[in-house]
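Q: Just passing along the structure, written as structure tokens.
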Amino acid sequence: MRFLPVQLILGLALCTFLPFIGSGLDVINQIFYTGGYVNLVLSTLLVCTTLITLNSIQRFPGITSSTYIVPVIIFWFLLILFIVKFSGTSYSLYYYCFSSLLLLIYAFFIDIINRKYENYNFAYIPVGRAKLIPEQIPTVSWMPLSTPQLDEEVNGIVTDLHSEELTDDWERFITDKTLQGTPVYHYRNIRESLTGRVRINHMYENELGSLQPSPNYIFLKYCFDILLIIASLPFTLIICIITAIAIKLEDGGKVFYIQPRVGYRGEVFQVYKFRSMREKAEEVLTTENDNRITRVGKFIRKTRIDELPQFINVIKGEMSLIGPRAEFLDFAVELEKEVPFFNYRHIVKPGISGWAQVNQGYATGPEETKIKIEYDFYYIKHISFSLDLLIFFKLYTLC
């Protein structure tokens with residue numbers, strides 16, 4: 001979603017004021033004498049929150065905004081409607097729905113226009129570690145530069161800014177292009193922004209130690225988690241009861257699976273899940289077509305119903321709805337030895353689902369686990385309301 005200020009102005013004109021004008025009634029009278037200002041406020045909130053959210057999530061890698069237009073509008077539509085209903089304020093549901101429909105059409109129209117210009121084309125200076133960047137990220141167009149000269153338009157220039165191979169001519173070229181408005185990226189930063197993963201292999205690459213998540217946002221995140229759990233209780237309680245009965249009927253074993261996991265700041269806690277495997281099954285990484293998984297277990301794992309008891313952990317403050325997955329205690333000890341800075345995962349609360357799960361799924365081996373941790377590092381570095389919301393929407397689209 002580009003040119004956000006222009007989009008907001010046009011969106012407000014189309015989705016907020018047009019319904020008033022189209023009604024054929026006196027606009028001034030509607031706004032100031034018949035309570036129409038409430039409708040204006042609701043519509044304005046819906047337009048602004050939707051367009052700002054779509055603009056925010058678009059900056060994350062691998063995101064096609066058209067996929068999220070409908071869930072984003074539904075999310076803000078229902079949230080704003082819930083607040084208005086709770087406050088007891090009078091409003092026009094007809095106007096609000098009509099405004100939402102116009103916003104839906106407008107958002108898809110913007111997306112169609114944006115896609116015409118979304119063709120990533122980067123030039124790269126093949127020095128140092130930047131030589132391997134086309135192999136590492138084959139999803140965009142790469143143009144190698146053999147001399148300090150570039151006449152074509154590109155989205156940016158990528159190189160290894162720490163390489164000793166950068167001569168004075170290359171440095172002057174980079175400076176000139178920067179002054180001309182062409183973005184210049186260090187290879188590691190562009191790799192991170194295009195893959196959604198952060199690799200940390202050396203101390204000088206470590207940017208996480210100085211990045212403490214905002215305490216204010218962490219508190220708001222916890223409050224939001226609790227509100228979502230309370231709002232979903234009428235549905236989740238029914239699902240939990242049915243699941244518990246199904247597990248009990250299948251093999252007569254325990255309904256819940258309780259296991260120690262490593263959580264926030266490295267503290268060990270007991271995680272709650274619906275049992276999806278045979279009782280006393282060996283505790284190793286889950287593999288595809290794992291014969292330890294029961295018939296009911298296959299279904300509740302696929303639909304993530306097995307995670308619902310972790311709402312208890314969230315309420316206790318041990319977990320969050322969104323965050324890096326809590327690791328098995330034994331695996332965490334091993335990974336700490338093998339993966340540099342592994343313990344940085346514990347700088348935030350573990351989540352029921354997270355950035356790694358919606359991008360990669362379950363890790364079934366050592367290499368996949370390392371990739372999962374790179375996704376976790378990305379989440380920790382970029383933790384924000386927009387990223388949490390994006391993960392929530394990705395879960396919605398995956399279901």
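The values are calculated or read from the model by the stated rules, or taken from the named source; none is laboratory data. Since this is a predicted model, take the numbers as computed values, not measurements. Please note: Cβ atoms are built from the backbone with ideal geometry, for glycine as well, and neighbour counts cover all protein chains shown.
Q: Quick one: count up the residues across segment 96-141 that are free of Cβ contacts under 8 Å to residues at least 40 places away in the same chain and among the acidic types (Asp, Glu).
A: 2
Q: Within segment 96-134, take every residue that is within 19 Å of residue 155 (Cβ to Cβ) and small (Gly, Ala, Ser) and give me the one that is surrounded by the most Cβ atoms within 10 Å (Cβ to Cβ).
A: 130
Q: Looking only at segment 333-357, which residues are within 24 Å of residue 225 (Cβ to Cβ), surrounded by fewer than 20 Cβ atoms within 10 Å (Cβ to Cβ) and of a type in the set (A, V, I, L, M)?
A: Once the filter is applied, which keeps residues that are within 24 Å of residue 225 (Cβ to Cβ), surrounded by fewer than 20 Cβ atoms within 10 Å (Cβ to Cβ) and of a type in the set (A, V, I, L, M), segment 333-357 yields only 347.
Q: Let me ask you something else. Considering only segment 240-254, state which residues are in contact with a helix residue (DSSP H, G or I) (Cβ under 6 Å, 6 or more places away or on another chain) and either under 21 Å from residue 330 (Cβ atoms) or surrounded by 15 or more Cβ atoms within 10 Å (Cβ to Cβ) (or both). Walk me through it before giving the result.
A: Of segment 240-254, the ones in contact with a helix residue (DSSP H, G or I) (Cβ under 6 Å, 6 or more places away or on another chain) are 240, 243, 246-247, 250.
Within segment 240-254, 240, 243, 246, 247 qualify.
Q: While we're on this one: Looking only at segment 58-68, count how many residues are touching a Ser or Thr at 6+ places or on another chain (Cβ under 9 Å) and surrounded by fewer than 20 Cβ atoms within 10 Å (Cβ to Cβ). Reasoning before the result, please.
A: The initial filter retains those residues of segment 58-68 that are touching a Ser or Thr at 6+ places or on another chain (Cβ under 9 Å), namely 58-62, 67-68.
Subset that is surrounded by fewer than 20 Cβ atoms within 10 Å (Cβ to Cβ): 58-62, 67.
Looking only at that region, the number is 6.
Q: Looking only at segment 310-331, which residues are buried (at least 21 other Cβ atoms within 10 Å of the Cβ) and over 20 Å from residue 213 (Cβ atoms)?
A: 310, 311, listed by residue number.
Q: Of everything in segment 130-168, what is touching a helix residue (DSSP H, G or I) at 6+ places or on another chain (Cβ under 8 Å) and closer than 17 Å to residue 194 by Cα? Give them in sequence order.
A: 130, 133, 136, 137, 139, 140, 142, 156, 157, 158, 159, 160
Q: Can you name every residue in segment 146-173 that is within 25 Å of residue 61 (Cα to Cα), assigned to a loop (DSSP other than H, G, I, E, B) and out of contact with any Lys or Arg (no Cβ under 6 Å at 6 or more places or on another chain)?
A: 152, 153, 154, 155, 161, 162
Q: Identify, from the list 258, 242, 226, the residue that is over 28 Å from residue 345 (Cα atoms) and modelled with pLDDT of 90 or more. Even if it seems obvious, please write down each step before you answer.
A: Working: 258 fails: over 28 Å from residue 345 (Cα atoms); 226 fails: over 28 Å from residue 345 (Cα atoms).
Only one candidate qualifies: 242.
Q: When only residues in segment 145-159 that are modelled with pLDDT under 90 and under 15 Å from residue 187 (Cα atoms) count, which is surrounded by the fewest Cβ atoms within 10 Å (Cβ to Cβ)?
A: 156
Q: Identify all residues within segment 106-141 that are outside any loop (DSSP other than H, G, I, E, B) and over 27 Å from the mean Cα position of the chain (by Cα); write none if there are none.
A: Start the filter on segment 106-141 by keeping residues that are outside any loop (DSSP other than H, G, I, E, B), which leaves 106-115, 121-124, 128-136, 141.
Listed by number, the residues that qualify are 123, 124, 128, 129, 130, 131, 132.
Q: Using the structure shown, decide if residue 140 is at pLDDT 85 or above and either farther than 23 Å from residue 394 by Cα or surrounded by 13 or more Cβ atoms within 10 Å (Cβ to Cβ) (or both). Spell out the reasoning first.
A: Details: at pLDDT 85 or above: no; either farther than 23 Å from residue 394 by Cα or surrounded by 13 or more Cβ atoms within 10 Å (Cβ to Cβ) (or both): yes.
Answer is no for this residue.
Q: Which one of these is small (Gly, Ala, Ser) and in contact with a Gly (Cβ under 8 Å, 6 or more places away or on another chain): 317, 361, 323?
A: 323
Q: When you go through (1) under 27 Å from the mean Cα position of the chain (by Cα); (2) free of Cβ contacts under 8 Å to residues at least 24 places away in the same chain; (3) under 30 Å from residue 191 (Cα atoms) one by one for residue 51, which number turns out not to apply?
A: (2)
Q: Take the residues in segment 342-399 that are among the polar types (S, T, N, Q) and within 22 Å of residue 69 (Cα to Cα); name whichever of them is modelled with the lowest pLDDT. Talk me through it step by step, then tell me what you get.
A: So in segment 342-399, the residues among the polar types (S, T, N, Q) come out as 343, 353, 357, 359-360, 364, 369, 384, 386, 397.
In the following step, the residues that additionally are within 22 Å of residue 69 (Cα to Cα) were identified as 353, 357, 359, 384, 386, 397.
Working: 353: 90, 357: 87, 359: 86, 384: 89, 386: 89, 397: 68.
Top of the filtered list is 397.
Q: Please verify whether segment 182-204 includes one or more residues that are farther than 30 Å from residue 341 by Cβ and either at pLDDT 85 or above or surrounded by 13 or more Cβ atoms within 10 Å (Cβ to Cβ) (or both).
A: Here is the first cut: in segment 182-204, the ones farther than 30 Å from residue 341 by Cβ are 182.
Then drop every residue that is not either at pLDDT 85 or above or surrounded by 13 or more Cβ atoms within 10 Å (Cβ to Cβ) (or both), which leaves 182.
Yes: one or more hits.
Q: Mind checking which residues of segment 45-57 are under 16 Å from residue 97 (Cα atoms) and crowded, with 18+ Cβ neighbours inside 10 Å?
A: Within segment 45-57, 46, 47, 50 meet the criteria.
Q: Among (1) touching an Asp or Glu at 6+ places or on another chain (Cβ under 7 Å); (2) assigned to a loop (DSSP other than H, G, I, E, B), where does residue 181 come up short?
A: The failed condition is (1).
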